[in-house]
Each structure stands twice: as structure tokens, then as C-alpha cells.
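Step one of this worksheet: look at the structure below.
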There are 2 protein chains.
Amino acid sequence: MEKQKNFVAVNYINCTPEYQERFEQLFGTRAHAIDLMPGFVDMQVLKPNTEGDAYLIVSHWETEDAFKTWTSSPAFIEGHKRGFEDLRKAKEEGRPAPMKSDFKTYKVIAK
Amino acid sequence: MEKQKNFVAVNYINCTPEYQERFEQLFGTRAHAIDLMPGFVDMQVLKPNTEGDAYLIVSHWETEDAFKTWTSSPAFIEGHKRGFEDLRKAKEEGRPAPMKSDFKTYKVIAK
């Protein structure tokens, strides 16, 4: 039976042009720790076809609770370690943040 | 074999508060004409959990060409008939547009 996909989280990420390659490399080599979280269904990383638009990290969950449990889990910290490290370094060196993210959540109401 | 999902189109739709119920009803009773288009994989209609955020109509396609063929097909006009009619009526009656849409396209670069 196909898993339910009621809850969707979209992380809208704007990268500086010089950070894009690194950003794509981080997701291309992700640890897949999220895949083991209970209630996780699947995710896609979407690269915009128009320069300057945000990348979308779309994750599907069986329930909102499953998503919330993940965002406060050690796996969340571990999975974002390299990106968080890049942000910390930029701040320490007085450079602008290489990426900015904006999380929004949704319910699937039709297919 | 699972179909490829390389190309993703996201239609960001902002509805006026009074149009939301009608908008959801239109998608809840959609004709599914798009489902028969060659290269169509699947779609989801996402309702924002935060009031005022856009609805997302996310469609997955095997290729960009398949998507473009659909947007210029009779099935596209037919599938959007009721929404287009609502927009036309509002314009005729001098009311503000009940919804505004913004199409963006993406490539899936990681899962």
C-alpha cells in the first residue's frame, strides 16, 4: 500500500551565486539520515530553471508530528552539519551568509 | 519501473480570502485531463498551513517538452476553463482578480 503523503514541508533556499556549486554538492552527497526517520515518505531537491529563484527542498511526511520530531532530532543537526558550518564560518569572517532559508508547510488537498 | 521525474513545474497561486473555498472546490473536482498527457507523472495541490501564503500546484513531468506540449494543448484550456471563467467575470464586473498565479520550473537534482 502506498504511504500517505498528507504533510509537505518546503524549504526555500536562496544561495549566493558563488555558493551554488557547494550547495548542490552538499545535497548530492547527503547522508540520507532523514530517510530513516519514522513517518518520512520522500524528498526532492529542486533547482530553479531561472537564475536567482530559490532552490526548493520538498519533503513529504505521513503527519506533521513526524516532521516536527525530525526537526528537533539529533539527525536534523547531523544532516545539516556541513551547511551550518559554512554559515558559521562566513559569520566569523564577516562575510554575508552564503544561503538563506525559509521553511513553509502545506497539506496535500488534491492529487 | 518507476517513471523519471526530472522536470517539475510549480504554479504559485494567491487567492483572495473569499475565493479560497471555490478554488479548493475546483481542484477537488478537477477533470484529470492532465493525467492523460504523455510524459505526465503526477501532481499535488498543496494548501499552505500559514494564512496568506500561496497554494502550490506541483506537477512532475518526464521532460520539459512534455510540460510545454501540455501548456499549449486544448486539454490545458479545457482543464482551466472554470478558473479562467471566474477571472473573466471578475474583470467584466470591475472586481479585483480572485487569484494570481506565478509559474516556476525546476529540475530534480537530488532525492
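Going through (1) of a type outside the set (Val, Ile, Thr); (2) assigned to a helix (DSSP H, G or I); (3) in contact (Cβ under 8 Å) with a residue 40 or more places away in the chain; (4) surrounded by fewer than 13 Cβ atoms within 10 Å (Cβ to Cβ) one by one, residue B:91 falls short only on (3).
Which of the residues that make up the stretch B:87-102 are acidic (Asp, Glu) and under 17 Å from residue B:54 (Cβ atoms)? B:102, the sole residue that qualifies. Scanning the stretch B:24-52 for residues that are at the interface with chain A (Cβ under 10 Å from one of its Cβ atoms) and under 21 Å from residue A:49 (Cβ atoms) returns B:42, B:43, B:44, B:46.
Cβ-Cβ distances below 6 Å connect the following pairs, each with a first residue in the stretch A:53-80 that is within 14 Å of another protein chain (Cβ to nearest Cβ) and closer than 23 Å to residue B:8 by Cβ, a second residue that is surrounded by fewer than 16 Cβ atoms within 10 Å (Cβ to Cβ) and of a type in the set (A, V, I, L, M), and a separation of six or more residues or different chains: A:79/A:31. Kindly provide the set of residues from the stretch B:97-111 that are in a strand (DSSP E or B) and within 14 Å of chain A (Cβ to nearest Cβ), ordered by number. Within the stretch B:97-111, B:102, B:103, B:104, B:105, B:106, B:107, B:108, B:109, B:110 meet the criteria.
Yes or no, residue by residue, for (1) touching a Cys at 6+ places or on another chain (Cβ under 7 Å); (2) of a type in the set (A, V, I, L, M, F, W, C); (3) surrounded by fewer than 13 Cβ atoms within 10 Å (Cβ to Cβ); (4) not in a helix (DSSP H, G or I):
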position	(1), (2), (3), (4)
B:11	no, no, no, yes
B:20	no, no, no, no
B:25	no, no, yes, no
B:56	no, yes, no, yes
B:69	no, no, no, no
B:75	no, yes, no, no
B:87	no, yes, no, no
B:95	no, no, yes, yes
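All of the numbers you see were taken from the coordinates with simple rules; none came from a lab. None of these values were measured; they are calculated from a predicted model. Counting neighbours? That spans all protein chains shown, and the Cβs are built from the backbone with ideal geometry, glycine included.
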